Structure formats: structure tokens, C-alpha cells
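To start, the structure under review is shown below, and the notes come after it.
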């Protein structure tokens, strides 16, 4: 019998720590600091709008690019929050989460199999590399450094660019490190992108969770809008992960092609979610502010806890993750996390899940109540002290 | 009101037992400031007390609470203040609010038995000169009190680990 599955897919490594994930998800009595989604429920007025749309029988397909009203509200929002202007009719597409936008965006831009390169800074979210491979690109990893607070520098970018480079994935605020890029960082990166004529896929799903100043979008830097796909969504800022709703904005030529793929693969994003999202983006600013403040309190709590524990860690200013270094214990991240899980029953994620350069770090999520964090961090302290005593 | 005060109040409204050193870390201000602001707000009567939310139904204690809608005749020059004061001085009265709408004062009452509450209303409240009428509503079950859900415990339904 012929091999029923494609080599390209078989050869794609399953997320390196699948085994670890499987163990954790079966341990029901463990405390977890391992999730990548908000602990808040979707604010009630948003859920209510979803329910109302169902009551009214709004259960049909929307247009491929999504409800026009939602696209209009997204454009108003992006202008109001980040000073980028898009045309709702031709420069926006509503997708099934930010994830679909990453996939479709890369497929729309890459000529498969001819060696076009996609630059992926790591540590970063797990799906950029596989999506680039599936799109037929050659992923090229840029290893971000702890000493730069895991920011991407213009020099690092320059060093990675070849004449095959087409797209830079820009994942900031970053999962798993919590790193951000500020305006000056972005301006330096933008200069390189313009000079070298490369496109940017800017994944700004955590834009609203920036704790230093307001997030700056690279698309707002002169000369960048025409070479940027801005990806955002409702999951993190409005605690709407299960609704699966995101969007991409960019030059008409790219959005047009993305819409084609989206049309054949997906048809349209879930209608109920789109109606709920209209409410979120129109009337949800206060919810976002309130949740951001709660995350920021937890962030300060953790930064202080790690300082007291003497575990080296740069201060993260974005998303809801903190990325301490555990290299001193002479174990791999996965060993550290497995032992911590077995001995103290707390689940955190090995940094190596987010790229080889995440080795030596662990990702701790603070999408948990302070009480929960306190309990888990207390256990981490006990664990760390035991390891240090044994040395 | 300054931003720090607002942040302190918002936090301790939900959790007044927080350690002050920890509160300072969480809010990103120094501990001395937190201590000073709390003292100042206590002195100014902005912070009026620190209470505990108790679900008495889960204890063996006998407790009955009622909300009583009271209509009164306001007095010249004093409005409702004097009559409100007359009422709130009774220790069994837990809250008194001046209301808009079809009645004037909302009086919350706690007693040990139905009878105790009823006799307070008939003997003490209704007999006050300025009280025109009362309507007593007994509380059957408390689902949520002071922003806290009493019934269900929060359960985290998320997966243990997600990328």
C-alpha cells in the first residue's frame, strides 16, 4: 500500500515537548501556571451580544472577509489605539483566530519550493515555523538573546537577511518571553526592512497587554504600512479564546489573495463570534483596561518574587508571561519542568518548547489569580531551594 | 483623588486582608506610601471599616435578614436625615439608604427569627411618627453578596498547559 501521508507533514516535528504536555494534561491535581489564555471569562455584555445574535437567528455565513460592520469597527479601533488607518472594504480580513491569519498570510506571500526565506525570531509562539514550512518557505530562525531582554535588534535582523529573505515574522509583545519592542526598536527594524525590501508579518495579538507605554505597531512607522500584515484578534485582549476570532490588515494586494485562500478553506469566521466581537471592540475598552491592570499587578508580584528567589529574570513588559532562567541547575528546561511537576505538582512550560534558544528558561504564565500565583511560587521557592541545597 | 488611592481602594475593596508589603509590590508603589495613604483615608472617613463576607446559611447560627421599604414624611429643614438617624441607631439595622422611586428609605435588618424581625417592624419602626407605611421583604437566599458569589466555587476549566 502506498504511504497515505505526506512526507512534509510527517517530517514536521510535533511540538518538542508533546510528551510533557501529555503528562501534565492528565494530572488533575496539579496547580498550573502553564496556560496561554486569559483566566477571565469573556465580559458578560459581549457574551450577551453573541447570545442575542443567536436568538435573532443570525446563523448564516457572513461575507468571506467578515461582517462589514466588524471590519469598520476594527479600522476605527486601530486608528484610535495605534494610529494606523486601514480601509475596511479592501484591507481587512476576519479570520478564525490570529492563528489562521498567520497560516493564510504566509501562504498568500510565499512562492513554495523556491527557497524563499521567512525570518522567525525565537523563542516565540509555536506555529510560525510549521506554517512557514507548510507554505513552502524556508524558515530561518533568529535566536533572540536574554542580554537584549529578548528584543529583536536591527543588527540581528540584518545578519539574518539574504537575497532570498521575503518575510520577517515580528512576534511582539512576545509569547513566551513577555518581551516588547518600543518605538525606537521598531524604527531601527523598519529601516532595515525598507532598505532590504522585506515584508513584515507583525503578530500583535498581545498589543493591549503592554505595561510600560502603549503598544506601538510597526505599521504606524512611515513606509511600513505598505509592507506589513498586522495580525491581531480578540482572544487575549477580550478574553475570547474559545470564540476563535482574529483579523489581519494589510495592503490590498495581499489581503485580496489571503481572502481567496480563506474563502476556499474556511468560507468565513464564525458568525456568532463576529457579532460578539462587534460589541467587544465598540464597548469593551473598559474591560480591556481592567484586565490589563489585573495582569500588571500579577506581573509586579512575580517580578518581585523572582528577585527574592534570586532567579535571574529580565523584567517583561508585555503579554502575560515571565521567562526566568534556570540554567544554574544544570538541567534541561524539560527536565526541570518534569521534576517540578512530579515533586511539587506545579505545571510550567519548558522554554525549549518555543525554540532551541529557549533552552535554559521556563515560561510562567500569570493568567492566574494572585492567590494561585502565590501558592505556586511558594512551591517553586521550595523546589529551587532544594535543588540549590543538593548542589 | 490620586491614582494610587484609587488603586488601593479598588484592590482592598475585594481583599482587605492583603499584606501591605505585598500590596505595595502589586501596585508598584513603596510600602510607606501605602501605609500613609491608608491612614489618611481612614482618618478622612473614606475607608469606613473592614468587614468579612460570611455565608451564615452554612453555619448553625440562626439568622434572618429582611429589606424593609419605608415611606416617611420628610421634615421641614431636615429632610430625611433625622428620621434616618432614628432608624439607624437600632443595632439590628444593618443598613439604611435613601432611595429614589416609590418609597423613601431602604432599611436592612438582621434578626434571629422571623418573629423578631416582624416585631421590630410593628413595634419600633411603624410606630415612629413620621413613618407612613412599611413593606417587609424577607431574604430567602443569598446568591451573591458584595460582589462575591456565595454559591459556587470558581473552577478553572482551562487545559493545564497550552502554548
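The values are calculated or read from the model by the stated rules, or taken from the named source; none is laboratory data. All figures in this text were calculated on a predicted structure; none of them were measured in a lab. When we count neighbours, we look across all protein chains shown, and the Cβ atoms used for this are built from the backbone with ideal geometry, even at glycine.
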One residue from A:199, A:238 being under 23 Å from residue A:33 (Cβ atoms), within 21 Å of the chain's Cα centre (by Cα) and assigned by TED's automatic domain parsing to the domain that holds residue A:129: A:238
Residues that are touching a residue at least 24 places away in the same chain (Cβ under 8 Å), in contact with a strand residue (DSSP E or B) (Cβ under 6 Å, 6 or more places away or on another chain) and not assigned by TED's automatic domain parsing to the domain that holds residue A:292: does the range A:39-60 have at least one? no
Scan the range B:20-32 and give yes if some residue there is assigned to a helix (DSSP H, G or I), within 20 Å of the chain's Cα centre (by Cα) and on the phi < 0 side of the Ramachandran plot, otherwise no. no
Give the residue, chosen from B:83, B:68, B:87, that is surrounded by 13 or more Cβ atoms within 10 Å (Cβ to Cβ), within 18 Å of the chain's Cα centre (by Cα) and assigned to a helix (DSSP H, G or I). B:87
Is it the case, given these coordinates, that residue B:124 is at pLDDT 90 or above, away from every other protein chain (no Cβ under 13 Å) and assigned to a loop (DSSP other than H, G, I, E, B)? no
Only one of A:329, A:336, A:340 is farther than 24 Å from residue A:206 by Cα, within 13 Å of chain B (Cβ to nearest Cβ) and touching a residue at least 24 places away in the same chain (Cβ under 8 Å). Can you tell me which? A:340
Any idea which of (1) out of contact with any strand residue (DSSP E or B) (no Cβ under 6 Å at 6 or more places or on another chain); (2) surrounded by 15 or more Cβ atoms within 10 Å (Cβ to Cβ) is the one residue A:334 doesn't satisfy? (1)
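Consider residue A:303 carefully, then state whether it is closer than 16 Å to residue A:32 by Cα and in contact with a strand residue (DSSP E or B) (Cβ under 8 Å, 6 or more places away or on another chain).
Numbers: closer than 16 Å to residue A:32 by Cα: no; in contact with a strand residue (DSSP E or B) (Cβ under 8 Å, 6 or more places away or on another chain): yes.
No, not satisfied.
For every residue, the table says whether it meets (1) within 14 Å of another protein chain (Cβ to nearest Cβ); (2) touching a residue at least 24 places away in the same chain (Cβ under 8 Å); (3) surrounded by fewer than 19 Cβ atoms within 10 Å (Cβ to Cβ); (4) at positive phi.
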| site | (1), (2), (3), (4) |
| --- | --- |
| A:173 | no, yes, no, no |
| A:182 | no, yes, yes, no |
| A:193 | no, yes, no, no |
| A:201 | no, yes, no, no |
| A:205 | yes, yes, no, no |
Within the range A:344-372, considering residues that are within 10 Å of another protein chain (Cβ to nearest Cβ) and assigned to a helix (DSSP H, G or I), the one farthest from the chain's Cα centre (by Cα): A:371
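Let's see how each residue does on (1) farther than 28 Å from residue B:140 by Cβ; (2) outside the structural domain of residue B:134 (by TED's automatic domain parsing); (3) without any contact (Cβ under 8 Å) to a residue 60 or more places away in the chain; (4) in contact with a helix residue (DSSP H, G or I) (Cβ under 6 Å, 6 or more places away or on another chain):
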site	(1), (2), (3), (4)
B:49	no, yes, yes, no
B:65	no, no, no, no
B:70	no, no, no, no
B:80	yes, no, yes, no
B:86	yes, no, yes, no
B:90	no, no, yes, no
B:103	no, no, yes, no
For residue A:183, state whether it is farther than 27 Å from residue A:259 by Cβ and either assigned by TED's automatic domain parsing to the domain that holds residue A:137 or modelled with pLDDT of 95 or more (or both). yes
Report yes if residue B:143 is without any contact (Cβ under 8 Å) to a residue 24 or more places away in the chain, within 23 Å of residue B:76 (Cβ to Cβ) and touching a strand residue (DSSP E or B) at 6+ places or on another chain (Cβ under 8 Å), otherwise no. no
